[in-house]
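Notes follow the structure.
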Amino acid sequence: MKVPNEDLIKLYGEMWLIRLFEKRLSDLFAKGVLPGFIHLGIGQEAFMAGTHYNIKPGDSVGTSHREHGLLLGLGISPNALMAELYGKATGSNKGKGGSMHACSPKNGALGCNGILGDAQTIINGYAFSHKFRNDGNIAITIFGDGAANRGDVHEGMNLASVLNLPTVFIIVNNGYGISMSSKDSSNIQDLSARAQSYGMPGISADGNDVLAVIEATGEAFKRTREGGGPCVLEFKTYRHQGHFEGDPVTYRPKEELEMWLKKDPIKRLEAIILEKGIAAPEKLLEVKNEQIAVIDAAQKFAEESPYPDISETYTDVYFELEGGALK
Ligand SMILES: Cc1ncc(C[n+]2csc(CCOP(=O)(O)OP(=O)(O)O)c2C)c(N)n1
C-alpha cells in the first residue's frame, strides 16, 4: 500500500502526539495529580497510528487498557481525553470513565472492557450489526498477548468465523502480560497461527514499523469489509514502561529493553523520512513541537476545568426507564 509523503509526516506527528501525551501522563501520575490507575502505550505508537490509518468512519473499534493513543486518533480530542483522565466534568465521559472507560461511541470508539477476553466476544455483536445493515463497516477488537490466552477469545473467534462476521481480531504482542513473558504463556511463535483453527486468515507483522502495520491492516480490513469474513492480525511490539505506572519492572532483562529501544517506531519512521528527503530535520522538530503545544493546552484545559457536581453522581450511570424504574 503506497503511503503518500504528506501522510508519512502526519503519521510522524500522530506518533509523537501519542508518545508525548503518554509521557505527560506518566509525569502527572508520578506527581500524584491523576486519580486512578494508568497503563501506557509508550513504544507501541506504530501499531496505533498504522491501524488508525485504515479505520473508516462508522467502524466500531474496541480498544484495550493501553490505547489512549488510538482514542485520540478516533476523535476524542486531547483536551477531552486529558480532562477525562483528571476526572473533570469537561472530559469525554464527564470524568466518570477515566483511563479504562474513556470512550466515544459516536466516533466508533467503544472503549475498554476491564475483564480481559470479554470484549472479544462482545465485538461480534457490533460486527453482526454491520453485517445486518450491510454498511461496509467492520468491527475491530484490540487486545494483548495475555488476553489472547483467555478462553472467551477463542469463543469469539469461532463465532465470528461460523457467522462470517466482519470482525478483525488484533493481538498486540508486547511480550508480556503484566510480568508473564508471552514465551512462557504460549508455545507458538506467531499468535496469529490460532486463526487457522477457526478457518480464517492470520497474519503476524512488525508492530514497530508503521508501514508494515498499514500494509497488514490495509489488506485485512479491505478483505473483511468486502465480505471476506473475520481475520486475526498480530503486531509484535514492546512497551517501554512497566505494565502500570509505578511497576518496578523487575521481571525483564535490561538488554531486552535496550534491544527494543533500537527498534523505536518513531525513530524508524524518522529515518525513512530523512533518508528519502521527504522533510528536513527542522521540519520534523517543528512537527514534534506542535504536539507539545497541543498537550500543554490540554493539560491547562484539564486543570482549569471543574470537577463534576455532586448532583451528577448518578447521571449517565443507570439507564432510566419511563416511569422512573432503573435498569
Ligand atoms: C479476566 C482477567 N484476568 C486478569 C485481569 C488482570 N489484568 C489486567 S491487565 C493484565 C495483563 C494483560 O496483558 P496483555 O493482555 O498482554 O495486555 P498488555 O497489558 O500487555 O497490554 C491482567 C492479567 C483482568 N483484567 N481480567
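The values are calculated or read from the model by the stated rules, or taken from the named source; none is laboratory data. Bear in mind that the values here come from a model prediction, so they are computed numbers and not experimental data. No Cβ is skipped: glycine too gets one built from the backbone with ideal geometry, and neighbour counts run over all protein chains shown. To get the accessible areas, we keep the full protein, side chains included, count just its heavy atoms, and leave off ligands, DNA and RNA. Shrake-Rupley method; radii C 1.70, N 1.55, O 1.52, S 1.80 Å.
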Legend entry - Extension reserve of the LYS262-VAL33 stretch, reckoned as 0.36 nm per residue once the Cα distance is removed: 79.3 nm
Inset, instruction - Pull up the DSSP beta bridges for the stretch 115-193 and report the antiparallel fraction as a percent, rounded to 5. - result: 25
Inset, instruction - Could you calculate the contour length gain from GLU303 to GLU255, that is, 0.36 nm times the residue separation minus the distance between their Cα atoms, to one decimal place in nm? - result: 13.4 nm
Legend entry - Carbon plus sulfur fraction of accessible area for the stretch 5-312, probe 1.4 Å, in percent: 55
Inset, instruction - May I ask you to list the residues of the stretch 284-324 whose amide nitrogen lies under 15 Å from a point 7 Å from Cα along the Cα→beta-carbon direction of SER77? - result: 294-306
Inset, instruction - Please work out the FRET efficiency for the pair ASN134 and VAL317, using the Cβ-Cβ distance as r and a Förster radius of 35 Å; give the result to the nearest 0.05. - result: 0.50
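Can you work out the accessible area per residue across the chain, with the rest of the protein chains kept in place, probe 1.4 Å, in square angstrom?
In whole numbers, the chain has 47 Å² accessible per residue.
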Inset, instruction - Take every DSSP beta bridge whose two residues both sit in the chain, then give the antiparallel share in percent to the nearest 5. - result: 15
Legend entry - Cα-based reach from LYS23 at 17 Å (exclusive), listing lysines while leaving out same-chain residues under 8 positions away: LYS31, LYS267, LYS288, LYS300
Inset, instruction - Measure off 7 Å from each Cα along the Cα-to-Cβ vector at LYS222 and GLN189, then give the distance between these two points in nanometres to one decimal. - result: 2.7
Legend entry - Solvent exposure ordering (accessible area, 1.4 Å, most first) of MET82, MET180: MET180, MET82
Inset, instruction - Report, ordered by chain and residue number, the lysines lying within cross-link reach of LYS56, taken as a straight Cα distance under 20 Å and ignoring same-chain residues fewer than 8 apart. - result: LYS2, LYS10, LYS106, LYS131, LYS222
Legend entry - About the Cα centre, charge dipole magnitude for the chain (Lys/Arg +1, Asp/Glu -1 at Cβ), debye: 360
Inset, instruction - Compute the separation of the alpha-carbon centres of the stretch 221-239 and the stretch 288-316 and state it in Å as a whole number. - result: 34
Legend entry - Zero-based 10 Å bins, Cα pair distances in the chain, whole percents: 6, 26, 34, 25, 8, 1, 0
Inset, instruction - Sort 299-309, 218-228 for me by packing, meaning the mean count of neighbouring Cβ atoms within 10 Å per residue, highest on top. - result: 218-228, 299-309
